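S.K.: Here it is, the structure, as structure tokens.
The values are calculated or read from the model by the stated rules, or taken from the named source; none is laboratory data. What you see is a predicted model, and the numbers here were worked out from it, not measured in a lab. All Cβ positions, even for glycine, are placed from backbone atoms using ideal geometry, and neighbour counts span all protein chains on display. SASA here: full protein model, heavy atoms, side chains in, ligands and nucleic acids out. Shrake-Rupley method; radii C 1.70, N 1.55, O 1.52, S 1.80 Å.
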Amino acid sequence: MEVLKGSSTTKSTTHGPPLHTHKFSRLKFFNRVFATVYTCAILALLYRHALTLLNATTLSSFFITLSLLTSDIVLAFMWAATQSCRLNSIHRKEFPENLKRVVKASDFPALDVFICTADPYKEPPMGVVNSALSVLAYDYPTEKISVYVSDDGGSQLTLFAVMEAAKFAIFHFTMYHSMKIKVENVVKRGKVGDEYIIGEEGQKAFNKWKDSFTRQDHPTVIQVLLQNSKDKDIIGHLMPNLIYVCRQKSRTSPHHFKAGALNVLLRVSATMTNAPIILTLDCDVYSNDPSTPLRALCYLFSPQDQSKFGFIQFPQIFNGINKNDIYACEFKRLFQINPVGFDGLNGGNYVGTGCFFSRRAFFGGPSKLVSPEIPELGPYNVVDKPIQSQPIMELAHKMGVRYGSLVEDSFTSYRLHCEGWKSIFCNPKRPAFLGDAPNTLIDMLNQHKRWAIGLLEVVFSKFSPLTFGIRSMGLPMSLAYAQLGCWAIWSIPITIYAFLPQVALINGISIFPNVSEPRFLFYVFLFLGAYGQDFQDFILSSGTVERWWNDQRIWMIKGLTCYLFGFMEFFLKFLGISTHGFNVTSKVIDDKQHKRYEQGMYEFGVPSPMFVPLVTAAIINLLSFCWGLVEVFRGSKLEGLFVQMFITGFVVVNSWPIYEAMVLRSDKGKIPIRTTLISIFLAWGLVAAASLTLKELKL
Ligand SMILES: O=c1ccn([C@@H]2O[C@H](COP(=O)(O)OP(=O)(O)O[C@H]3O[C@H](CO)[C@@H](O)[C@H](O)[C@H]3O)[C@@H](O)[C@H]2O)c(=O)[nH]1
Ligand SMILES: [Mn+2]
């Protein structure tokens with residue numbers, strides 16, 4: 001193996017040209033120096049808080065300092081954990097064009113593609129068709145590709161759509177339009193009419209949807225729609241395999257949502273094709289570059305690397321986001337910035353879709369193969385005669401995609417890294433996949449609430465990154481997972497900073513240092529340092545200033561909504577008081593809503609309790625900012641209240657879309673009047689309560 005020294009390293013195979021290179025970020029050194037200085041500032045601040053706490057003379061001042069200390073400890077922890085993603089950022093490049101010079105195409109490994117869908121109404125079957133067709137068109141030996149569609153919605157509409165996709169694949173583009181109309185008509189009717197069912201095989205499959213067949217209770221349906229040993233397209237080329245799988249479900253046994261679906265596909269595919277490489281895709285994602293499998297093979301198939309890498313993750317990149325990405329759905333930090341940091345440690349993290357796995361990774365660590373109960377399900381079994389027996393489908397095993405968290409992707413990724421697998425974050429210029437992001441505020445908040453809960457489930461499990469993780473992978477990598485896992489705790493400082501300085505300001509109580517004190521500079525440095533570095537990361541990852549601004553706004557909004565509610569719901573479940581499931585994000589959007597989204601307007605049309613703290617905070621901030629301005633005009637000296645005025649002003653500027661939706665708009669996306677009234681009442685209650693308790697501290 002040839003390793004070129006210097007800032008960039010090129011790996012070549014023993015005899016052939018290089019398949020990939022990498023370069024460490026030039027900011028690595030700067031980031032480390034900055035982290036050291038910033039850490040000193042944080043420690044000094046926390047020390048001051050601790051001193052003030054010890055010297056507190058009244059209960060109110062004790063409570064205020066304790067709140068600030070708690071907030072700043074959480075912020076400091078999250079900041080420190082994020083640093084692990086800045087320690088060793090790495091950028092990679094692949095040379096797929098060299099692959100064919102190293103291995104013959106006929107020697108490429110087989111590829112099993114898993115596509116998950118769960119609801120034909122929230123996830124239109126044409127989306128599933130488009131995902132499947134996009135991978136059937138991969139620039140890869142067709143007879144080596146097998147596409148498995150998992151239908152957790154147990155819907156004949158999805159089976160029909162995938163059947164039509166199979167026909168289309170044979171006859172090609174002349175049929176696309178007529179197929180689309182047919183599928184959409186059938187979905188509208190909610191049933192596959194007899195006139196659409198062709199042949200005995202088709203009839204047999206659809207006959208399974210009897211009256212007793214419900215979404216939560218039904219037998220397994222497996223339908224091979226294209227078979228590479230039999231089917232050819234009209235020009236005579238071999239076709240890939242296309243298989244529809246709807247796993248058995250019953251109300252009495254848990255089905256583990258998407259993780260369960262993927263494990264069933266792991267087993268079914270093991271008995272039918274058992275390809276050594278697996279690509280997992282969601283039905284809201286399609287391939288945007290037919291050469292992507294070759295890129296993944298540059299790592300998975302290079303003779304030097306192949307036993308090391310468990311998976312190759314491509315970033316989630318989205319279609320149809322509005323110009324300034326008002327809901328920050330691009331989620332650059334999660335999908336583009338932090339993975340570069342993970343990759344420089346043990347490897348990019350798995351994010352649920354657009355990821356090529358070595359099948360072996362689902363069967364124990366790199367040096368410890370854990371065999372399944374039935375040898376035919378093992379990663380190296382060569383399938384000569386496909387088997388389809390029920391016991392095999394039902395067999396659960398300890399391997400595969402991990403159960404126990406609503407974010408099966410992060411949890412599995414984390415466990416694989418703990419087992420010793422390395423991985424790659426592969427981010428080519430032309431996006432390998434494009435997907436759908438939520439287009440309304442409430443969809444985004446519900447999605448992030450599910451993530452926040454699922455991530456807490458990992459942090460509070462016996463596999464917590466802060467205990468088990470540190471022992472298995474060392475500190476930097478486990479901190480990287482800890483910051484991901486602990487998103488929800490951001491709700492603590494964000495909620496405190498959204499209300500405490502404001503009610504104190506209204507009461508004329510100063511809780512931060514005076515502008516003339518040297519301590520004031522600490523605050524300036526800490527704020528500008530954190531925000532500046534975030535801005536830098538965002539812009540360097542091809543972001544725009546407007547998108548960054550919306551991104552930081554959404555971070556604050558999430559702190560008062562989905563993180564706060566996720567945090568509470570998680571603890572209710574922890575105490576056994578409630579349960580939560582995987583709420584599939586809707587991929588359908590109403591025309592008027594879509595128009596408003598395109599115009600960059602926030603959507604509050606569907607009422608939600610999550611909006612209440614958000615609107616309450618917007619009202620209190622406006623009140624206290626106005627109070628501050630009035631005091632300035634009356635000639636009061638506000639030196640001691642400057643920091644509070646700044647925070648309040650900053651929140652007011654960020655809350656503009658909320659004020660607009662509360663009073664200036666009349667469309668259906670405005671804030672429901674009930675939400676506004678409840679929030680006004682709560683804001684009034686909070687201010688009144690604060691005035692009573694803070695009386696003793698008044699200037
Ligand atoms: O019981 C279920 C629930 C969901 N899904 C599928 O899971 C995928 C993701 O669901 P979606 O509603 O699109 O959720 P997102 O929040 O957009 O998904 C992100 O977060 C999930 C974890 O919460 C990951 O699984 C996804 O890959 C990741 O893109 C979709 O293909 C669904 O069809 C199932 O197969 N079975
Ligand atoms: Mn999705």
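S.K.: Does at least one position in the stretch 293-301 carry a residue that is in a loop (DSSP other than H, G, I, E, B), open to solvent by 10 Å² or more (accessible area, probe 1.4 Å) and among the basic types (K, R)?
M.R.: No, there is no match, as no residue in the stretch 293-301 is in a loop (DSSP other than H, G, I, E, B), open to solvent by 10 Å² or more (accessible area, probe 1.4 Å) and among the basic types (K, R).
S.K.: Which members of the stretch 666-684 meet the condition of being more than 21 Å from Q593 (Cβ to Cβ), open to solvent by 30 Å² or more (accessible area, probe 1.4 Å) and in contact (Cβ under 8 Å) with a residue 60 or more places away in the chain?
M.R.: The answer is I678, I680, L682.
S.K.: Also, quick follow-up: Find all pairs meeting these conditions: Cβ atoms under 9 angstrom apart; at least six residues apart or on different chains; first residue within the stretch 405-416 and among the β-branched types (V, I, T) and away from ligand 2 (no atom under 16 Å from the Cβ); second residue at pLDDT below 95 and not in a helix (DSSP H, G or I).
M.R.: Partner pairs satisfying both residue conditions: T412/G400; T412/V401; T412/R402; T412/S405.
S.K.: Is one or more of the residues making up the stretch 259-275 over 22 Å from G310 (Cβ atoms) and at pLDDT 95 or above?
M.R.: No, the stretch 259-275 contains no residue that is over 22 Å from G310 (Cβ atoms) and at pLDDT 95 or above.
S.K.: Among the candidates F342, F318, F309, single out the residue that is within 16 Å of ligand 2 (Cβ to nearest atom) and of a type in the set (F, W, Y).
M.R.: F318
S.K.: Could you tell me whether any residue of the stretch 258-274 is within 16 Å of ligand 2 (Cβ to nearest atom), under 22 Å from the mean Cα position of the chain (by Cα) and open to solvent by 10 Å² or more (accessible area, probe 1.4 Å)?
M.R.: yes
S.K.: Now a separate question. Which count do you get for residues in the stretch 575-595 that are surrounded by 15 or more Cβ atoms within 10 Å (Cβ to Cβ), more than 16 Å from ligand 1 (Cβ to nearest atom) and of a type in the set (A, V, I, L, M)?
M.R.: So the count comes out to 0.
S.K.: So for the stretch 308-316 (the condition being under 26 Å from N98 (Cα atoms), open to solvent by less than 50 Å² (accessible area, probe 1.4 Å), part of a loop (DSSP other than H, G, I, E, B) and touching a Cys at 6+ places or on another chain (Cβ under 9 Å)), does at least one residue qualify?
M.R.: Among the residues of the stretch 308-316, at least one is under 26 Å from N98 (Cα atoms), open to solvent by less than 50 Å² (accessible area, probe 1.4 Å), part of a loop (DSSP other than H, G, I, E, B) and touching a Cys at 6+ places or on another chain (Cβ under 9 Å), which makes the answer yes.
S.K.: Go through the stretch 502-521 residue by residue and tally those that are in contact (Cβ under 8 Å) with a residue 40 or more places away in the chain, among the aliphatic types (A, V, I, L, M), open to solvent by 30 Å² or more (accessible area, probe 1.4 Å) and assigned to a helix (DSSP H, G or I).
M.R.: Qualifying residue count, the stretch 502-521: 1.
S.K.: Condition (residue is within 16 Å of ligand 1 (Cβ to nearest atom) and either over 19 Å from A270 (Cβ atoms) or surrounded by 13 or more Cβ atoms within 10 Å (Cβ to Cβ) (or both)) applied to the stretch 231-240: is it met by at least one residue?
M.R.: no
S.K.: Of all residues being more than 8 Å from ligand 1 (Cβ to nearest atom) and open to solvent by 10 Å² or more (accessible area, probe 1.4 Å) in the stretch 278-289, which is farthest from D217 (Cα to Cα)? Just the residue, please.
M.R.: The extreme case among them is D289.
S.K.: Let me ask something else. Determine whether L242 is closer than 19 Å to G354 by Cβ and not in a loop (DSSP other than H, G, I, E, B).
M.R.: No: the conditions fail for L242.
S.K.: Looking at V687, V663, which one is in a helix (DSSP H, G or I) and open to solvent by 70 Å² or more (accessible area, probe 1.4 Å)?
M.R.: V663 is the lone residue from the list that is in a helix (DSSP H, G or I) and open to solvent by 70 Å² or more (accessible area, probe 1.4 Å).
So that you can scan it fast, the table gives a plain yes or no per residue for (1) more than 17 Å from Q336 (Cβ to Cβ); (2) buried (at least 23 other Cβ atoms within 10 Å of the Cβ); (3) away from ligand 1 (no atom under 16 Å from the Cβ):
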{"position": "G420", "(1), (2), (3)": "yes, no, yes"}
{"position": "F425", "(1), (2), (3)": "no, yes, no"}
{"position": "P431", "(1), (2), (3)": "no, no, no"}
{"position": "P438", "(1), (2), (3)": "yes, no, no"}
{"position": "L441", "(1), (2), (3)": "yes, yes, no"}
{"position": "M444", "(1), (2), (3)": "yes, yes, no"}
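S.K.: Let me ask you something else. Collect the residues in the stretch 124-150 that are surrounded by 24 or more Cβ atoms within 10 Å (Cβ to Cβ) and under 19 Å from R189 (Cα atoms), keeping them in residue-number order.
M.R.: Within the stretch 124-150, P125, V128, V129 meet the criteria.
S.K.: Quick test of your reading of the structure: T648 fulfils all but one of (1) polar (S, T, N, Q); (2) in contact with a Gly (Cβ under 7 Å, 6 or more places away or on another chain); (3) without any contact (Cβ under 8 Å) to a residue 60 or more places away in the chain. Name the failing condition by number.
M.R.: That leaves (3) as the condition not met.
S.K.: So which residues in the stretch 208-219 are surrounded by fewer than 17 Cβ atoms within 10 Å (Cβ to Cβ) and not hydrophobic (A, V, I, L, M, F, W, C), if there are any at all?
M.R.: Across the stretch 208-219, the qualifying residues are K208, K210, D211, S212, T214, R215, Q216, D217, P219.
S.K.: Hey, V351 hits all of (1) more than 15 Å from the chain's Cα centre (by Cα); (2) within 18 Å of K422 (Cα to Cα); (3) at pLDDT 95 or above but one; which does it fall short on?
M.R.: All conditions are met except number (1).
S.K.: In addition: Residue by residue through the stretch 491-501, note down the ones that are surrounded by fewer than 22 Cβ atoms within 10 Å (Cβ to Cβ) and within 21 Å of the chain's Cα centre (by Cα).
M.R.: Hits for the stretch 491-501: nothing passes.
S.K.: Only residues that are away from ligand 2 (no atom under 16 Å from the Cβ), part of a helix (DSSP H, G or I) and under 28 Å from Q216 (Cβ atoms): list them for the stretch 557-604, please.
M.R.: Answer for the stretch 557-604, where residues must be away from ligand 2 (no atom under 16 Å from the Cβ), part of a helix (DSSP H, G or I) and under 28 Å from Q216 (Cβ atoms): F565, G566, M568, E569, F570, F571, L572, K573, F574.
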